[in-house]
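Take a look at the structure below.
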Amino acid sequence: MAGEIPENGTAATGVKIVAKTNVKPKKALGRKECQLVTFDLPYLSFFYNQKLLIYKAAADEFEEIVGRMKDGLAIVLEDFHQLAGRLAKDEEGVFSVVYDDDMDGVQVVEAEAEALEVAHLTNDEGTTMFKELIPHNKIFNLEGLHRPLLALQLTKLRDGVAVGLAFNHAVLDGMSTWHFMSSWAEICCGATCISTPPFLDRSKARNTRVKLTNLSKPSDAPEHANSVSNGDATSAKHAPILKEKVFKFSESAIDQIKARANASKPFSTFQSLSSHVWSAVTRARQLNPEDYTVFTVFIDCRKRLETPIPETYFGNLIQAIFTVTAAGLLLAHPPEFGAGLIQKAISGHDAKAIEARNAEWEKSPKIFEYKDAGMNCVAVGSSPRFKVYEVDFGFGKPESVRSGTNNRFDGMLYLYPGKSGGRSIDVEISLEASAMERLEKDKEFLMEEAN
């Protein structure tokens, strides 16, 4: 029946690879090199950042769509040429991103999954089927030394197209990712050049040569079968079984969540929603009152630096900030308590704090490990400010936008704007299975009366 998920997991998707090519900038650019900076380097041990966009399209349009997207990619890579390059490391251990006309460029895979429909993917809130639709599963960013920094898979569905992408996270953050995506779509829709070129000079954000030697996979990565949670750097066989789900909050629900948090003090939509999710996940985990719980958010530093950097800056300009409290305190107080903790952590991360964080890291570089996220962590990636549903390559807006299987651990959230628009927000959560079962039944969290 249409819309039902095929049985037997990924085997039922029947994804068949039909072609592999590479796309390079349309014009010769020569050799270009840019040193990675302190904002980039901690992400070398993350996995490639994956995105999946699902579009409606007629089956006989697939070849035309592939041609259009590859032609557009060749043009947009003239500006975003770093994505067509590779990582490089000199004899001192200083990393850079290098492009040269002789390099292969972006990897493009064409595939078919004739039994798979758009509804199968938009109705499924897990990620099991994503593994065959998005490239570079479980590939570390460090492997960008010899792998493409951007890999793309275009999969023909029975009634649409799945666009799976894997970006090397050591090269760019979320804001840069969606700047690239919107620019690419702009070209595919007929523009001869992009309206907002990327700002490529990373030295304006930081200009320190950081030497990294003897890098290896992080001790707690567990090959990412399931990421280790709660600060326990045990092997993968002891990792929790994770479950993923997308919770869709309507405009009405978001307004009520914000009103509850703003009873006595103004908080942003992000702070209000974050407090709402943090409290609900803490309840679902059934923590003891004295157990600590950590909220982590990766915040954009472009406007927070002493000399602000344009929003078009291409690279990573984010830092993780943390706030911690006892589970009992969080749950005993109204939503404004958690929102206040988050607001204080965000507002306190000014230019002085950013500089201190960078200086401390440069003195003793430490590549991120998942246990660093904190005890009983809730960590937020992506942002509902990214206009992901505006990415139209000329055959309509996406039906669904999701994150892939990489970089997930117990308590990881991805926030996206809701497809319905307005103030609606989708919250994509990975959580230990039994806790997720309790969260799915939490009427206070679901805001059922508001939907």
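Observations, loosely collected:
- Fully extending the segment from Asp90 to Leu145, taken as 0.36 nm per residue of separation minus the present Cα-Cα distance, adds 18.7 nm.
- Put simply, when 205-212, 86-93, 404-411 are sorted by average Cβ atoms within 10 angstrom per residue, most first, you get 404-411, 205-212, 86-93.
- With θ taken as phi - 60° and the Karplus curve 6.51 cos²θ - 1.76 cosθ + 1.60 applied, the whole-hertz 3J(HN,Hα) list for the range 333-346 is 9, x, x, 5, 5, x, 4, x, 4, 5, 4, 5, 5, 6 Hz, x standing for glycine and proline.
- Placing R0 at 56 angstrom, the Cβ-Cβ distance between Ala356 and Ile17 gives a FRET efficiency of 0.70 after rounding to 0.05.
- Placing +1 on the Cβ of every Lys and Arg and -1 on the Cβ of every Asp and Glu, with nothing else charged, gives the range 222-450 a dipole about its Cα centre of roughly 240 debye.
- Cα-based shape type of the range 222-450, given that a ≥ b ≥ c are square roots of the gyration tensor eigenvalues and the cut on a/c is 1.5: rounded
- Dipole-positive endmost among Cys301, Ile354, Ile321 within the chain (Cβ charges, Cα centre): Ile354
- Candidates Thr192, Gly67, Leu165 compared by Cα position along the dipole of the range 9-204: farthest toward the positive end lies Leu165, with charges placed on Cβ.
- Extension gain from Glu251 to Glu390, taking 0.36 nm per residue of separation minus the Cα-Cα distance: 48.2 nm
- The packing ranking of peptides 350-357, 152-159, highest mean first, is 152-159, 350-357, where packing means the average number of other beta carbon atoms within 10 angstrom of each residue.
- For the chain, the mean residue ellipticity at 222 nm estimated from helices alone is -7000 deg cm²/dmol, where every DSSP H run of n ≥ 4 contributes -39500 (n - 2.57) and the total is divided by all residues, rounded to the nearest 500.
- For peptides 297-303, 132-138, sequence by mean Cβ density within 10 Å, most packed first: 132-138, 297-303
- Considering only Thr122, Leu149, Leu133, the residue lying farthest towards the positive end of the dipole of the range 121-160 is Leu149, judged by Cα position with unit charges set on Cβ.
- The chain - charge dipole about Cα centre, Lys and Arg +1 at Cβ, Asp and Glu -1, debye rounded to 20: 920 debye
- Estimated FRET transfer efficiency when R0 is 56 angstrom, pair Lys26-Glu437 (beta carbons, to 0.05): 0.65
- Proximal lysines to Lys419, defined as alpha-carbon separation beneath 19 angstrom and excluding residues fewer than eight positions away on the same chain: Lys51, Lys56, Lys245, Lys248, Lys387, Lys397
- Cβ-based exposure ranking for Cys188, Cys193, in which fewest neighbours within 10 Å come first: Cys193, Cys188
- Contour excess over end-to-end distance, with Cα ends at Asp71 and Lys204 and 0.36 nm allotted per residue: 44.7 nm
- For the range 129-217, the Cβ-based charge dipole about the Cα centre amounts to some 440 debye (Lys, Arg positive; Asp, Glu negative; other atoms uncharged).
- Across the range 165-178, rounded Karplus estimates of 3J(HN,Hα) from the backbone phi angles (6.51 cos²θ - 1.76 cosθ + 1.60, θ = phi - 60°) give 10, 10, 10, 6, 6, 6, 9, 7, 9, x, 4, 5, 4, 7 Hz, Gly and Pro being marked x.
- Under the simplified labelling scheme, the Glu290-Lys265 pair shows an inter-label distance of 2.8 nm, with each label point 7 Å from Cα along Cα→Cβ.
Read the figures in this text as sums done on the coordinates, not as results from a lab. Remember, predicted model here, so these are calculated numbers, not experimental data. All Cβ positions, glycine included, derive from the backbone under ideal geometry; neighbour counts span all protein chains shown.
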